[in-house]
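Novice: First the structure, which I've put down as structure tokens, then a few questions once you've had a look.
Here, each number is a calculation from the coordinates, and none is a lab measurement. Quick caveat: nothing in here was measured; it's all calculated off a predicted structure. Ideal geometry is used to build each Cβ from the backbone, glycine not excepted, and the neighbour counts take in all protein chains shown.
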Amino acid sequence: MTTSREELLPATRRALLHRIAVAQSHGRAPSVAAVVVRGGQAVWHGSRGGGEGVAPDQDVQYRIGSITKTFTAVLVLRLRDEGLVDLGDRLEQHLPGTGAGEATIAELLSHTGGLAAESPGPWWERTPGSLRPRLQDVLGEQPLVHPVGRRFHYSNPGYSLLGALVEEKRGASWEEVLHREVLEPLGLGRTGVHPQAPYAQGWAVHPWADVLLSEPAEDLGRMASAGQLWSTTGDLARFAAFLVRGDDRVLSAASLREMRTPAAPPEPADVATGYAYGLGLETRRSHGRLLVGHTGSLPGFLACLTFSVEDDAAAVVLANCTSGPLPFTVAADLVRIVAEAEPRIPEPWRPVREVEPSVMELVGQWFWGTSGFALRLTADGLVSLEPLSGNGRRSRFRTNGDGTWTGLEGYYAGESLRAVRRLDGSVSHLDLGSFVFTRQPYDEGSVVPGGVDPEGWRGIG
């Protein structure tokens, strides 16, 4: 496992530098800063451009735009994990009178609440938040543009509502709660709602001339929880490591897996790219790789944080231009370069420490009708059900401590698996969400729904 920056091979490091150099040059960005994370640590940092020929380092702040939404989602999941809200709660239960209270917390997190994409004019990203002091000013007279819960429609005002929810339940400002509950525990000392030197100036680059125009950096007020934050590649490297592994001081690994599980149906235009949205995290397909994270943009800045759990690799790309290099494409390429040049070395195989005889009695071959499956016990204490043909439904299951297991993924996610025993204690069959799995195809000795033809298996004369 890679644990230090020096462990990346020189050829890999050069390929990473080449990729961001091309992005900065061809994308005409005043500067680009990037970092790659592996094994929970930053293993490479690079940058190009910058004022007076000095390239930015990992402590220079950039605006990160909608990556802020992931921070806000973490705060909301913390409320859920503490029992202060349920994701199925209507917003009206906790924050009455908004005009968008029919939407649930989960729908706001996943952009399926039916809200408009933007706040009513003037353009909120380039004007002071003081123009929108109340939630009603953020939402406008008609907050909903789609039926609640029916389709994915990205909404910045939706995350303004979630920030207000955090404030209501915590009795403190969104900024205070974020600092206390996320930034401080994770050591993100260079992340905040206002820039602190050194920080990058945001620029617009003229489309037909190599000249610049300074972009304003407004305090977004009520919209802060949707896109206000400034951060650095150093801090976002630590945040990426947290999103992959979890930190019980902030949010568990299980809740983070929930955040990155798609919760909104993709729009037809997104199907080809594999784009989907979870609870504050985006998922995309790139070169056959599933990447999770978030992009961000504000006038003068572009940003992306993305990671591959399977490859144990994350990348962050920050640029100080309104339009230029596509940050997701660059970040995805950085992950790909590392994953292909230096494939992840798997952890050593180790046997399970303890095993119950009743579990060992269940492993092996089972049949659902005539389809063969293997039930395996793995060293992490889970059992997995896998089709012997290689094609079909599969899932891992965690024990509930009472002789039953719960599915963790795919078709069987949330479904119950249990062994049904005969009066003498021997196993008759497995029941998986009412499906019967037997040791032999349509086993006469087991309870097969619909019964088994008493003439048994036979040929046709």
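Novice: Among HIS294, LEU279, ALA254, whose Cα projects farthest towards the positive end of the dipole of the stretch 205-302, with charges put on the beta-carbon of Lys, Arg (+1) and Asp, Glu (-1)?
Specialist: Going by the charge dipole, the pick is ALA254.
Novice: First measure r as the distance between the Cβ atoms of TRP123 and SER389, then evaluate 1/(1 + (r/R0)^6) with R0 = 51 Å and state the FRET efficiency to the nearest 0.05. Let's see the in-between values first.
Specialist: Values: r = 55 Å, r/R0 = 1.08.
With R0 = 51 Å, the Cβ-Cβ based efficiency is 0.40.
Novice: How high is the relative contact order of the stretch 357-437, given as a whole-number percent (alpha carbon pairs under 8 Å, six or more residues apart)?
Specialist: Working: 152 pairs, mean separation 14.3, N = 81.
So the answer I get is 18 percent.
Novice: So what is the 222 nm mean residue ellipticity for the chain from helices alone, if each DSSP H run of at least 4 adds -39500 (n - 2.57) and you divide by all residues, rounding to the nearest 500 deg cm²/dmol?
Specialist: Values: 13 runs with 113 residues, N = 461.
It comes out at -7000 deg cm²/dmol, rounded to the nearest 500.
Novice: Once every Cα of the stretch 20-62 carries one equal point scatterer and solvent is ignored, give the base-10 log of I(q)/I(0) from the Debye formula at q = 0.18, 0.21, 0.24 Å⁻¹, two decimals.
Specialist: The calculated log intensity ratios at q = 0.18, 0.21, 0.24 Å⁻¹ are -0.52, -0.67, -0.82.
Novice: Sorted by packing (mean other beta-carbon atoms within 10 Å per residue), highest first, where do 266-276, 156-166 land? Don't skip to the end; give the middle numbers.
Specialist: Details: 266-276: 13.6, 156-166: 25.6.
The peptides rank, most packed first, as 156-166, 266-276.
Novice: Got the relative contact order for the chain handy, in percent, Cα pairs under 8 Å and 6 or more residues apart? All intermediate terms of the calculation are to be shown ahead of the outcome.
Specialist: On the way: 983 pairs, mean separation 72.3, N = 461.
The normalised contact order for the chain reaches 16 percent.
Novice: Could you compute the net charge surrounding PRO216? Neighbours are other residues with a C-beta less than 10 Å from the C-beta of PRO216; K and R count +1, D and E count -1. Please list the in-between numbers first.
Specialist: Working: positive: ARG126; negative: GLU125, GLU215, GLU218.
After counting each charged neighbour, the total is -2.
Novice: How large is the charge dipole for the chain, taken about the Cα centre, if only the Cβ atoms of Lys, Arg (+1) and Asp, Glu (-1) carry charge, to the nearest 20 debye? Numbers along the way, then the final one.
Specialist: Numbers: 44 positive and 54 negative charges, 150 e Å.
Its charge dipole is roughly 720 debye.
Novice: Nearest 0.05, what FRET efficiency do ALA269 and TRP457 give at R0 = 56 Å with Cβ-Cβ as r? Display every interim value, and only then the final one.
Specialist: Details: r = 50 Å, r/R0 = 0.90.
E(calc), rounded to 0.05, equals 0.65.
Novice: Moving on to the next point. Based on Cβ point charges of +1 for Lys and Arg and -1 for Asp and Glu, what charge dipole magnitude is obtained for the stretch 357-437 about its Cα centre, in debye rounded to the nearest 20? Working shown, then result.
Specialist: Values: 8 positive and 8 negative charges, 18 e Å.
Roughly 80 debye for the stretch 357-437.
Novice: How far apart, in nanometres, would the label points at ALA253 and HIS194 be if each is projected 7 angstrom from Cα along the Cα-to-Cβ direction?
Specialist: With each label point 7 Å from Cα toward Cβ, the separation is 3.9 nm.
Novice: By per-residue mean of other Cβ atoms within 10 Å, what is the highest-first order of 203-211, 322-330, 290-298, 228-236? Don't skip to the end; give the middle numbers.
Specialist: Numbers: 203-211: 11.3, 322-330: 20.2, 290-298: 22.9, 228-236: 26.8.
Descending mean neighbour count gives 228-236, 290-298, 322-330, 203-211.
Novice: Quick check on packing: order 387-398, 173-184 by the mean number of other C-beta atoms within 10 Å, highest mean leading.
Specialist: Details: 387-398: 14.8, 173-184: 18.6.
Going by the mean number of other Cβ atoms within 10 Å, highest first, we get 173-184, 387-398.
Novice: Further question: Calculate the length of the line joining the C-alpha centroid of the stretch 372-392 to that of the stretch 108-185, in whole Å.
Specialist: 43
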